[in-house]
Amino acid sequence: MRLIPHGIALGIATGLLTTSAYAAPYTLTIFHTNDLHGRTDSYPQLITALAEARERFGDGLLLDAGDIFSGTLYFTEYQGQDAVEFMNLMGYDAFVPGNHEFDLGDPEEGHQALAAFFAAADFPIVGANLDFSTSPEFADLLGDSISVEPEQKPKPGHLYDGIVVEQGGERIGIFGLSTQGSETVSSPGNVTIGDYRAAAETMVEAFEAQGVNKIIALTHLGFDSDPSLGNDLLLAQHVEGIDVIIGGHSHTRLESPVTVAENDLGEPKTPTVIGQANEYGKYLGVMQVTFDDKGVVQDASGELLTTDDFEPDAQALEMLEPYTARIEEVRDTQVGAYLNTRLPNPRHGNGDEQSVRADETALGNLIADGQLAAARRVNPETVLAIQNSGGIREPIAQGDVSVGELVAVQPFGNRLALVSVTGAELLETFEIGLANAPDESGGFLQVSEGTELIYDSRQPTGERVVSLKVTQNGTLQPVDPESTYTIATNHFTAAGGDSHTALEAAYDDGRSTIVGNTDWEMLRDHMVSLGDVDYQVEGRITDQARQH
């Protein structure tokens, strides 16, 4: 957290330690979660999974790799205070803030909700490349740079570069790293975010100076995310001395640990083991790492336990009940927009001649326009937004619009992503979306205003786009295969969902950035901005085969 005064080059809180000869081998068990994004209702089953995992694998550290905030009505209503109650019940040992922890940052008030979340935590917060020291709301939570007394434990809710804990008679160093992408996709304000590699190198040196040779990086960088911002694979390749990386941010489902044993030049290095447990509390990650007497990883194994396979914990269900009751009230709250005519969500399976998964719809237009408006607040150069039709689930009735209706339309909590693509990749993306036309496909793309797509479903797959135009400088212009465009979509589609391999390639190439807005909230904000909402099919998408 850069809590280092007078140039001292480390910041560690030292837990209660016992002196013992290193046993060989020594196996460390780690349980881990990441990217719950407001899914407070996932905790009852997660708690049972953890209890049964402890019975099966023995005692171990419990770590969370960030992004507790944002994504559901639970978070909108409680701003993390509900989640921290369940995290305390589970007994987490450390937490690293993710980019979404900074979503509520206010230019004048700072991070009041985040400070309250920290203050309520029974576990320490770690972030070696995060500097909270110039944000007054965190003043009472700043941990000492160096704990002088070896028996001093890390203080719950306090902020540290790293901590040293005892597990099974061994000293384990844990430090945190958070993505610098927060600076552009969230609102860190006075919280500054430094270089992740430099921070990691400093922490490894600091731990080793204290005789700690088993080191965990708890990261919110992403497994293989944008290399210009850093990711877990690059961290493992470039920084010697990190034994384990427990990660988040990219929502990657690593069914078993990934071991990196070569540096970026392909030269052998001491092994680093990486784990990540997907998203939304769907899994509890388990990792077991065996060290030799010098603290070098000899073996690693692990798995993801599917929380749906476990019965909810009775105590947690009782704790959840009042939160859910309030959420149901919020669900029925009107958002302040009036829909003048019903927005249907047609499907061939319902006997409709047209389908949201094969045709332009008024509701699809509305959703895409809301995404475009949100995207342009981040990047005014965004030329269009696309919404996978499989993510549009329900119609909206005429009349006053409620929160619950909007969540029913877009129930998956997908977040907005900005993607940099070539015109050729954009054309390929629409070819993929049209592959099943005129039959239904969840990958069929609804488009925002200022876009004109003409295609012919009679043509062979991959050759159906007749023309694609986007508005630039106030006029419709054909997409140039050689030019580069910024487009908006949800993170599911951006990562290759519904077979969108062209977007997936851009994602894998680090040209996709999640910018924090949740789908139904963008729809709400756009409808509220309109007040009285009138939408219809207007010829944004045309199939020439139906013109004859």
Q. So is G281 assigned to a loop (DSSP other than H, G, I, E, B), open to solvent by less than 20 Å² (accessible area, probe 1.4 Å) and touching a helix residue (DSSP H, G or I) at 6+ places or on another chain (Cβ under 6 Å) or not?
A. yes
Q: Give me a count of the residues in region 37-59 that are open to solvent by less than 10 Å² (accessible area, probe 1.4 Å) and in contact with a strand residue (DSSP E or B) (Cβ under 8 Å, 6 or more places away or on another chain).
A: 4
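List the strands (runs of 3 or more DSSP E) inside region 461-548, counting only whole elements, that have at least 1 residues being aliphatic (A, V, I, L, M) and surrounded by fewer than 13 Cβ atoms within 10 Å (Cβ to Cβ).
On the way: elements: 465-472, 475-478, 484-490, 512-518, 541-543.
Where strands (runs of 3 or more DSSP E) fall fully within region 461-548 and carry at least 1 residues being aliphatic (A, V, I, L, M) and surrounded by fewer than 13 Cβ atoms within 10 Å (Cβ to Cβ), they are 475-478.
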Q: Only residues that are touching a helix residue (DSSP H, G or I) at 6+ places or on another chain (Cβ under 9 Å) and without any contact (Cβ under 8 Å) to a residue 24 or more places away in the chain: list them for region 417-465, please.
A: Q459
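If only one of A397, A373 is in contact with a His (Cβ under 9 Å, 6 or more places away or on another chain) and open to solvent by 20 Å² or more (accessible area, probe 1.4 Å), which one is it?
Details: A397 fails: in contact with a His (Cβ under 9 Å, 6 or more places away or on another chain).
Just one listed residue meets the conditions, A373.
Within region 303-331, work out how many residues are open to solvent by less than 30 Å² (accessible area, probe 1.4 Å), touching a strand residue (DSSP E or B) at 6+ places or on another chain (Cβ under 9 Å) and not polar (S, T, N, Q). Explain how you work it out, then say what you get.
Initial filter on region 303-331 (open to solvent by less than 30 Å² (accessible area, probe 1.4 Å)): 304-305, 307, 316, 320, 327, 330.
Subset that is touching a strand residue (DSSP E or B) at 6+ places or on another chain (Cβ under 9 Å): 304-305, 307.
Among the residues that remain, those that are also not polar (S, T, N, Q) are: 304-305.
Of the residues in that region, 2 qualify.
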Q. For region 199-216, which residues satisfy the criterion of being of a type in the set (A, V, I, L, M) and either open to solvent by 10 Å² or more (accessible area, probe 1.4 Å) or over 14 Å from I246 (Cα atoms) (or both)?
A. A199, M203, V204, A206, A209, V212
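Tell me yes or no: at least one residue of region 233-251 is more than 28 Å from L416 (Cβ to Cβ) and part of a strand (DSSP E or B). Step through it out loud before you land on a result.
The initial filter retains those residues of region 233-251 that are more than 28 Å from L416 (Cβ to Cβ), namely 236-244.
Filter again for part of a strand (DSSP E or B), leaving 244.
For region 233-251, residues more than 28 Å from L416 (Cβ to Cβ) and part of a strand (DSSP E or B): present.
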(Q) Quick check on my filter: what residues within region 60-89 are open to solvent by 10 Å² or more (accessible area, probe 1.4 Å), at pLDDT 90 or above and out of contact with any helix residue (DSSP H, G or I) (no Cβ under 6 Å at 6 or more places or on another chain)? (A) Y78, Q81, E85, N88, L89
**Q.** Residue satisfying condition, being at pLDDT below 90, of a type in the set (A, V, I, L, M), in contact with a strand residue (DSSP E or B) (Cβ under 9 Å, 6 or more places away or on another chain) and more than 22 Å from E440 (Cβ to Cβ), within set V533, V479, V528, V515
**A.** V515
Q: Give the residue that is nearest to the chain's Cα centre (by Cα), with candidates limited to residues of region 325-352 that are closer than 30 Å to A545 by Cβ and outside any loop (DSSP other than H, G, I, E, B).
A: L343
Q: Could you please tell me which pairs satisfy a Cβ distance under 8 Å, a separation of 6+ or placement on different chains, a first residue in region 519-547 that is on the phi > 0 side of the Ramachandran plot, and a second residue that is open to solvent by 20 Å² or more (accessible area, probe 1.4 Å)?
A: G531/G336; G531/Y338; G539/E452
Q: Filter region 393-412 down to residues that are of a type in the set (S, T, N, Q) and more than 21 Å from the chain's Cα centre (by Cα) and give me whichever is nearest to G349 (Cα to Cα).
A: Q398
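Quick one: how many residues across region 219-232 are of a type in the set (D, E, K, R) and either without any contact (Cβ under 8 Å) to a residue 24 or more places away in the chain or in a loop (DSSP other than H, G, I, E, B) (or both)?
Restricting attention to region 219-232, the residues satisfying the condition of being of a type in the set (D, E, K, R) are 224, 226, 232.
Among the residues that remain, those that are also either without any contact (Cβ under 8 Å) to a residue 24 or more places away in the chain or in a loop (DSSP other than H, G, I, E, B) (or both) are: 224, 226.
So the count comes out to 2.
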(Q) Looking at Y196, Y160 in this structure, which one is over 20 Å from the mean Cα position of the chain (by Cα), touching a residue at least 60 places away in the same chain (Cβ under 8 Å) and crowded, with 24+ Cβ neighbours inside 10 Å? (A) Y160
Q.
Out of the residues in region 237-249 meeting the condition of being touching an Asp or Glu at 6+ places or on another chain (Cβ under 6 Å) and open to solvent by less than 20 Å² (accessible area, probe 1.4 Å), tell me which one is farthest from T33 (Cα to Cα).
A. V239
Q: Answer with yes or no whether F118 is assigned to a strand (DSSP E or B) and at pLDDT 95 or above.
A: no
Q | Unique residue being crowded, with 24+ Cβ neighbours inside 10 Å and of a type in the set (S, T, N, Q) when the list is T219, T252 | A | T219
Q: Scan N340, N365, N345 and give me the residue that is open to solvent by 30 Å² or more (accessible area, probe 1.4 Å), modelled with pLDDT of 95 or more and under 24 Å from D534 (Cα atoms).
A: N340
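Would you call L46 outside any helix (DSSP H, G or I), of a type outside the set (V, I, T) and either modelled with pLDDT of 95 or more or touching a helix residue (DSSP H, G or I) at 6+ places or on another chain (Cβ under 6 Å) (or both)?
Details: outside any helix (DSSP H, G or I): no; of a type outside the set (V, I, T): yes; either modelled with pLDDT of 95 or more or touching a helix residue (DSSP H, G or I) at 6+ places or on another chain (Cβ under 6 Å) (or both): yes.
Taking the combined requirement at face value, the residue does not satisfy it.
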(Q) Return the pair list, or none, for Cβ contacts closer than 7 Å from residues in region 399-414 that are over 22 Å from D35 (Cα atoms) and touching a residue at least 40 places away in the same chain (Cβ under 8 Å) to residues that are open to solvent by less than 10 Å² (accessible area, probe 1.4 Å) and part of a loop (DSSP other than H, G, I, E, B), at least 6 apart or on different chains. (A) V409/I392
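With respect to V260, is the statement that it is at pLDDT 95 or above, surrounded by fewer than 24 Cβ atoms within 10 Å (Cβ to Cβ) and not charged (D, E, K, R) true?
Values: at pLDDT 95 or above: yes; surrounded by fewer than 24 Cβ atoms within 10 Å (Cβ to Cβ): yes; not charged (D, E, K, R): yes.
It is true that V260 is at pLDDT 95 or above, surrounded by fewer than 24 Cβ atoms within 10 Å (Cβ to Cβ) and not charged (D, E, K, R).
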Q. Among all residue pairs at least 6 apart or on different chains, which show Cβ distances below 9 Å where the first residue, located in region 284-299, is closer than 16 Å to A53 by Cα and modelled with pLDDT of 95 or more and the second is surrounded by 21 or more Cβ atoms within 10 Å (Cβ to Cβ) and of a type in the set (D, E)?
A. V289/D243
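The values are calculated or read from the model by the stated rules, or taken from the named source; none is laboratory data. Note that this is a predicted model, so its numbers are computed, not measured. Cβ: placed from backbone, ideal geometry, glycine included. Neighbour counts: every protein chain shown. Note: accessible area is taken over every heavy atom of the protein model, side chains too, but ligands, DNA and RNA are not part of it. Shrake-Rupley method; radii C 1.70, N 1.55, O 1.52, S 1.80 Å.
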